[in-house]
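What follows draws every value from the coordinates through simple rules; no lab data is involved. Here the structure is a predicted model, which means the values were calculated and not measured. Quick reminder, even Gly has a Cβ in these numbers, built from the backbone with ideal geometry, and neighbours come from all protein chains shown.
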Amino acid sequence: MEPRIIGGGSDEQIGDPFGTAELRRRVLDAWTASPARFREDANAEEELALGGYRDRLIIELAQNAADAAARAGRGPGRLRLALRDGVLAAANTGAPLDAAAVESLATLRASSKRSDATMTVGRFGVGFAAVVAVSDEPAIVGQAGGVRWSLAEARELIAGQAVQQSELAEELRRRDGHLPLLRLPFAASGEPPVGYDTVVLLPLRDGAAEDLARTLLDGIDDALLLTLPGLGEVVVETPDGTVRTLTRAAVERSESGLAEVVITDRTGEAGGIGEGARSPAGRPSPPPAPSTRSCWRTVRWRSGPGRTGRSPGPSRSPPTAPPSRSRSRRCCTRPPRARSRWASPRC
């Protein structure tokens, strides 16, 4: 999806349904009153983005998608990840962006998830800091509105406040460009792709950021869906037009407490994340081309209840040493006609 659809304009021009102007005002006032708070926020965001969360970007986006699906209560969600023209886009189904989520996104210490009755993983406010590792202008667009961040605009706002506060001006000089970007959100406009409720747009900072995004996308495997039962489908689109579709299915638990989870991994060619999305001119994107090559792999996992008699919940990270499993793989030169739940399709 072209990121320009979420660009610019003042809060008054495009509307501010999530109150980003008030969020910015409170943050800037707090920094002016206590420059030490600015330093703490800047250090915390930098540590999360460049340290603990840098290599977890895709995992965090997937966890947030699973949480949105859980809050919506409509069953497993769908996530589509696309890297195109220097922009990483992550579209998902589920509960749409709201004011509480925007406030938690702009706060490193809180999350709107904590009060939810549904079991979720991750903490939106903290995990979202991973986007700063690759983008200076991240944005989120949902059905009810959008929010964006801009390093250049944040620097301008902070410099304006620093005129009144010499200690803040000194802290700003010390940071050498490293600012707490996510603390200063702006309103954004745009629409998520048709069939999805929210899209995260990350214009990638440079070649190194794009290389990291490619590496993380290439590293996605069946463990992601096993760890996040709140997702039923993950689609990954790479710049060369290749599209991977991972789906998750499970059978009922047996009397012994064992269940079998089936992860199917299909690779082919198809349209991108912008299918059905509207450009600024309102013209729909062209339909996807038919698949010309498709590879299928089915993975079966057996899982059992934990010591409490219930299935263990998802962990913070996908497993690195999964339990024993069986695999089957078939590749064909034309689209598959059908597939069985337990085996690869015949070509």
Separation between the GLN143 and HIS178 pseudo-spin-labels, each 7 Å from Cα along Cα→Cβ, expressed in nm? 4.1
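Which order do ASP136, ASP55 fall in if you start with the one that has the fewest other Cβ atoms within 10 Å?
Details: ASP136 20, ASP55 14.
Ascending Cβ contact count within 10 Å gives the list ASP55, ASP136.
Name the shape class, rounded, prolate or oblate, that the alpha-carbon gyration tensor gives for the stretch 150-197, where a ≥ b ≥ c are the square roots of its eigenvalues, rounded holds for a/c under 1.5, and otherwise prolate holds if a/b is larger than b/c and oblate otherwise. Please report the intermediate quantities before stating the final value.
Details: a/c = 4.59, a/b = 3.00, b/c = 1.53.
Taking the square roots of the gyration eigenvalues as a ≥ b ≥ c, the stretch 150-197 is prolate.
Taking neighbour Cβ counts within 10 Å as the exposure measure, how do VAL141, VAL134 sort from fewest upward?
Neighbour counts put them in this order, fewest first: VAL134, VAL141.
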Take the alpha carbon gyration tensor of the stretch 136-268, find the square roots of its eigenvalues, order them as a ≥ b ≥ c, and report rounded if a/c is under 1.5; if not, report prolate when a/b exceeds b/c, else oblate. prolate
Can you bin the stretch 27-78 into rounded, prolate or oblate? Criterion: square roots of the alpha carbon gyration tensor eigenvalues sorted a ≥ b ≥ c, rounded for a/c under 1.5, prolate for a/b above b/c, oblate for the rest. oblate
Pairwise label distance in nanometres, ASP206 with ALA72, each label 7 Å out on the Cα-Cβ vector: 3.7
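Given R₀ = 25 Å, FRET efficiency for ASP240-LEU50 by Cβ-Cβ distance, to 0.05? Intermediate results must be reported in sequence, preceding the final value.
Working: r = 29 Å, r/R0 = 1.16.
Efficiency at R0 = 25 Å is approximately 0.30.
Just flag the GluC sites (Glu not before Pro) in the stretch 230-271 sitting in loop per DSSP whose Cβ has no more than 13 other Cβ atoms within 10 Å. Display every interim value, and only then the final one.
Working: sites: GLU233, GLU237, GLU252, GLU255, GLU260, GLU269; in loops: GLU252, GLU255.
Answer in residue order: GLU252, GLU255.
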